[in-house]
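Shown next, in structure tokens, is the structure this report addresses.
The values are calculated or read from the model by the stated rules, or taken from the named source; none is laboratory data. No experiment lies behind these values; they were computed from the predicted model shown. Counting neighbours? That spans all protein chains shown, and the Cβs are built from the backbone with ideal geometry, glycine included. SASA here: full protein model, heavy atoms, side chains in, ligands and nucleic acids out. Shrake-Rupley method; radii C 1.70, N 1.55, O 1.52, S 1.80 Å.
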Amino acid sequence: EDPSSSSSTRSSVAPELPGFYYDPEKNRYFRLLPGHNNHNPLTKDSIQHKAMECKRLRLLEEEEKQNQKTTRAGLNSSVLLQKRQLGLLSSTSYCRLVHELKVNCMQRRKIEIHSPDSSVAGTNNFKIIVADVACERIFTVNDVEHGGCKYGIINLSGLGKESLTVEMYDNLYFTNRKVNSVCWASLTHPDSHLCLMGIAETPGCASLLPASLFSSTNPGDRPGMLCSFKISTAWSCAWCLNPQADNCFSTGLTRRVLVTNVVTGHRQTFGTNSDVLAQQFATQTPVLYNGCRSGEIFSIDVRQRNRKGQSWKAIRLFHGSAVTSLHLMEAEHYLMAADMAGKIKLWDLRTTKCVKQYKGHHNEYALLPLHVNEEEGLLIAVGQDCYTRIWSLQDAHLLRTIPSPHPSSKDAIPSVVFSSRLGGSRGVPGLLMAVKQDLYHFSYN
């Protein structure tokens, strides 16, 4: 049973009565009262929250007892090895199924965060964590108590040690600006800068900051921001790694897309019919994929000049709800997209048809990212119900549902990073989860 779904126990035990709630534990009906009444009124929201919290605690207890069950009947390491030796499994299928077993056995461990300023570490809530390509560093956006945000970089080299500690460096010169979207940018070398799309008051602001601002080396040498300009409210951003559109990043705005060359300052503007909530550049071609609040997904070849009308749109796909995240697969023939109806679909860009759907994701209004690991054949997404779900990329099978260590709430949705090399080429595999003020590592042994 999906932990976020409502229980069917009530309907099977007693019929539903309008304005009443049946409590199976007390075996009686209670009147539902308006939420503004005093004396602890019983409302549908409070009932649903209580049921979800009970399920979360039950799942946490099962995880602590290591009671995870295999998601496929008869799947265990000895059976897989035997089938592989008999030639009944290809090496690709064997590796994929082994990864499924490893995901099912991950155990949660809390990570101690070290900071040069001991008074800063662990005092602010994590809002966003984004890993660089090598998964050696994690850029963090933390909410601060007096409002606004604080930015920092976590060095993951300490994950390989038994103590499971990481070092966090922050920069206090760029704070108090809320951030909607972050991406790493490769300007002078791989992952050398960070693109931040934020909202100050009105209007918003796009900034490109050197990652060295958050480094512990050469504290006296602090380069300034490379560029910063005011824009309308920014929803998304993406950096282009294709040499035909070198040094360019895109910004998804309200009813338009802005592509900026940070060296020459040249900008291209593409008008849209809706807010652009998700973006990603292709690497083999200078094509930008955009997901809109209207549910439309379209691509732009940034080499062409902007023309009036919609003729510059190439591939067009449609979801039934606002698109919140895009991920272009390595071969660039398939595009993964998620929306605010909780739908996750895999699109074939050659036929413009949906070929797979990954069920179980929960979303109603939040901008929640997708995390795809093609090497290990896994899809990870955190739902608005604060559950982290892992699917098999190949057959869309839900492999595991991980409850949050903290009670579910709007300000406690976990942010995650998954990699087989956390901390670099010699790093440790697993899942990093940031929620509230804590950072957790799910070991992937």
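So which of LEU172, LEU164, LEU159, LEU226 ends up being modelled with pLDDT under 85, aliphatic (A, V, I, L, M) and surrounded by fewer than 16 Cβ atoms within 10 Å (Cβ to Cβ)?
Result: LEU172 is the single residue among LEU172, LEU164, LEU159, LEU226 that is modelled with pLDDT under 85, aliphatic (A, V, I, L, M) and surrounded by fewer than 16 Cβ atoms within 10 Å (Cβ to Cβ).
Return the pairs, sorted by first residue and then second, in which the second residue is modelled with pLDDT of 85 or more and not in a helix (DSSP H, G or I), the first residue lies in segment 82-104 and is over 16 Å from GLU376 (Cβ atoms) and charged (D, E, K, R), the beta carbons are less than 8 Å apart, and the residues are 6+ apart or on different chains.
LYS83/LEU89
Please enumerate the residues belonging to segment 238-254 that are open to solvent by 10 Å² or more (accessible area, probe 1.4 Å) and within 20 Å of the chain's Cα centre (by Cα).
Within segment 238-254, TRP239 is the sole residue that qualifies.
Would a scan of segment 410-422 turn up a residue that is farther than 23 Å from LEU57 by Cβ, small (Gly, Ala, Ser) and touching a Leu at 6+ places or on another chain (Cβ under 6 Å)?
no
Can you report the number of residues in segment 353-370 which are modelled with pLDDT of 95 or more and of a type in the set (Ser, Thr, Tyr)?
1
Pairs, please: C-beta under 7 Å, at least 6 apart or cross-chain, first residue over 17 Å from SER299 (Cβ atoms) and in segment 238-250, second open to solvent by 10 Å² or more (accessible area, probe 1.4 Å) and of a type in the set (A, V, I, L, M, F, W, C)?
As it stands, the answer is ASN247/LEU187; ASN247/VAL262; ASN247/VAL263, since those pairs meet every condition given.
Kindly provide the set of residues from segment 397-422 that are touching a strand residue (DSSP E or B) at 6+ places or on another chain (Cβ under 9 Å) and among the hydroxyl-bearing types (Ser, Thr, Tyr), ordered by number.
Residues satisfying the conditions are THR401, SER404, SER415, SER419, SER420.
Looking only at segment 293-321, count how many residues are open to solvent by less than 10 Å² (accessible area, probe 1.4 Å), over 18 Å from LYS353 (Cα atoms) and either modelled with pLDDT of 95 or more or aliphatic (A, V, I, L, M) (or both).
1
Which members of segment 330-346 meet the condition of being open to solvent by less than 20 Å² (accessible area, probe 1.4 Å) and in contact with a strand residue (DSSP E or B) (Cβ under 8 Å, 6 or more places away or on another chain)?
The answer is LEU335, MET336, ALA337, ALA338, ASP339, ILE344, LEU346.
Considering only residues of segment 412-427 that are assigned to a strand (DSSP E or B) and over 13 Å from ARG137 (Cα atoms), which is least open to solvent (accessible area, probe 1.4 Å)?
VAL416
When you check VAL372 against the structure, is it out of contact with any Phe, Trp or Tyr (no Cβ under 7 Å at 6 or more places or on another chain), closer than 20 Å to CYS105 by Cβ and in contact (Cβ under 8 Å) with a residue 40 or more places away in the chain, yes or no?
So VAL372 does not fit the description; no.
Within segment 129-154, count every residue that is surrounded by fewer than 19 Cβ atoms within 10 Å (Cβ to Cβ), out of contact with any Gly (no Cβ under 8 Å at 6 or more places or on another chain) and not acidic (Asp, Glu).
Residues meeting the conditions: 6.
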